[in-house]
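J.: Submitted below is the structure of interest, expressed as structure tokens.
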Amino acid sequence: MLGPPGGGKGTQAKILSERLGIPQISTGDILREAVREGTELGKIAKKYMDEGKLVPDDIIVGIIKERLSQPDAKNGFILDGFPRTVAQAEAFDDMLKGIGESLKAVIFIDVPKEELVRRLTGRRTCSGCGRMYHVEFSPPKEEGVCDHCGKPLYQRDDDKEETIVKRLETYEAQTLPLVDYYKKKGFLVEIEGVGSIEDINRKIREAIGV
Ligand code: AMP
């Protein structure tokens, strides 16, 4: 899943993951867990995340290599938030070659910038299962509590306004070039990411035939 922060990658990846029975692999979720647990990785990653910058490529590529070697990734996976730079995409190409696999599709969810800021500032994330809500557009049944697992919702540090601007700049400078990268390779499936979660999901499933 490729797209801007707040574009709906995580939401759509979760739905597809449940439908297809393959894991959603989110580098953002892996990093946030490391930060929560206070591991070495978490300490390093936090500095970049808090500034709306990307964590260095070698760290991220190492995380993905390890994660893809787990048994649950054997029958496929949905990547959410990786790759985010051309260098990561190239490393990922090599990884796939190494295991004799290939990409099925790169789903690029495009959303106008003004909409992203509205979505990100109102976003609340579940501290248990990582599901996302929005205070206005998709609130939980009980305020501050996840409908799915009952754990408290919180606002990610990097969903505060000052960091959002920086994250969007980082996205445009470092991640947007991947649109051309995958277009040239013939993998890009472009989805307009405005509308209801269900409509966007339907568009994605139609486009990739699942
Ligand atoms: P996300 O949850 O995907 O929005 O990611 C949150 C933050 O984690 C990003 O703003 C980056 O600081 C870091 N991050 C997540 N995925 C990557 C990646 N593939 N490369 C570099 N940094 C990443």
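The values are calculated or read from the model by the stated rules, or taken from the named source; none is laboratory data. Nothing here was measured: the structure is a model prediction, and the numbers come from that model. We place every Cβ from the backbone using ideal geometry, glycine too, and count neighbours over all the protein chains shown.
J.: Go through (1) among the charged types (D, E, K, R); (2) within 8 Å of the ligand (Cβ to nearest atom); (3) buried (at least 17 other Cβ atoms within 10 Å of the Cβ) one by one and return the number of the condition Lys53 breaks.
T.: Here Lys53 meets the rest and fails (3).
J.: Of the numbered conditions (1) under 29 Å from Val165 (Cβ atoms); (2) within 17 Å of the chain's Cα centre (by Cα), Lys43 satisfies every one except a single condition; which is it?
T.: Here Lys43 clears every test but (2).
J.: Which of the strands (runs of 3 or more DSSP E) found entirely inside the stretch 106-157 contain at least 3 residues meeting this: over 26 Å from Glu37 (Cα atoms)?
T.: Numbers: elements: 106-110, 123-126, 132-134.
In the stretch 106-157, the matching strands (runs of 3 or more DSSP E) lie at 106-110.
J.: On to the next question. Keeping to the stretch 56-72, report how many residues are more than 10 Å from the ligand (Cβ to nearest atom) and either part of a loop (DSSP other than H, G, I, E, B) or surrounded by 17 or more Cβ atoms within 10 Å (Cβ to Cβ) (or both). Before you say what the answer is, go through the steps one by one.
T.: In the first step, residues of the stretch 56-72 are kept if they are more than 10 Å from the ligand (Cβ to nearest atom); the result is 58, 62, 65-72.
Checking the rest, the ones that are also either part of a loop (DSSP other than H, G, I, E, B) or surrounded by 17 or more Cβ atoms within 10 Å (Cβ to Cβ) (or both) come to 67-70.
Adding up the residues that qualify gives 4.
J.: Could you say whether any residue in the stretch 28-40 is assigned to a helix (DSSP H, G or I), in contact (Cβ under 8 Å) with a residue 60 or more places away in the chain and either at positive phi or not hydroxyl-bearing (Ser, Thr, Tyr) (or both)?
T.: We begin by selecting, within the stretch 28-40, every residue assigned to a helix (DSSP H, G or I); these are 28-37, 40.
Narrowing the set further to residues that are in contact (Cβ under 8 Å) with a residue 60 or more places away in the chain leaves 29, 32.
Next cut, either at positive phi or not hydroxyl-bearing (Ser, Thr, Tyr) (or both) only: 29, 32.
Checked against the condition, which is being assigned to a helix (DSSP H, G or I), in contact (Cβ under 8 Å) with a residue 60 or more places away in the chain and either at positive phi or not hydroxyl-bearing (Ser, Thr, Tyr) (or both), the stretch 28-40 yields at least one hit.
J.: So in the stretch 18-37, with the set limited to residues that are within 15 Å of the ligand (Cβ to nearest atom) and small (Gly, Ala, Ser), which one is nearest to Asp80 (Cα to Cα)?
T.: My answer is Ser26.
Residue-wise test of (1) in contact with a Ser or Thr (Cβ under 8 Å, 6 or more places away or on another chain); (2) aromatic (Phe, Trp, Tyr); (3) at pLDDT below 95.
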| site | (1), (2), (3) |
| --- | --- |
| Arg124 | no, no, no |
| Met132 | yes, no, yes |
| Lys141 | no, no, no |
| Val165 | no, no, yes |
| Thr170 | no, no, no |
| Gln174 | yes, no, no |
| Phe187 | no, yes, no |
| Arg205 | no, no, no |
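J.: Given the criteria in contact with a Ser or Thr (Cβ under 7 Å, 6 or more places away or on another chain), of a type outside the set (Asp, Glu) and either at pLDDT 95 or above or under 24 Å from Leu116 (Cβ atoms) (or both), does Pro83 qualify? I'd like the intermediate steps shown before the answer.
T.: Values: in contact with a Ser or Thr (Cβ under 7 Å, 6 or more places away or on another chain): no; of a type outside the set (Asp, Glu): yes; either at pLDDT 95 or above or under 24 Å from Leu116 (Cβ atoms) (or both): yes.
Criteria not met by Pro83.
J.: Going by the conditions given, is Lys97 in contact with a helix residue (DSSP H, G or I) (Cβ under 9 Å, 6 or more places away or on another chain), outside any loop (DSSP other than H, G, I, E, B) and over 30 Å from Ser196 (Cβ atoms)?
T.: So Lys97 fails the test.
J.: Sticking with this one: Consider the stretch 166-190. How many of its residues are surrounded by 12 or more Cβ atoms within 10 Å (Cβ to Cβ), of a type in the set (A, V, I, L, M) and within 16 Å of the ligand (Cβ to nearest atom)?
T.: 4
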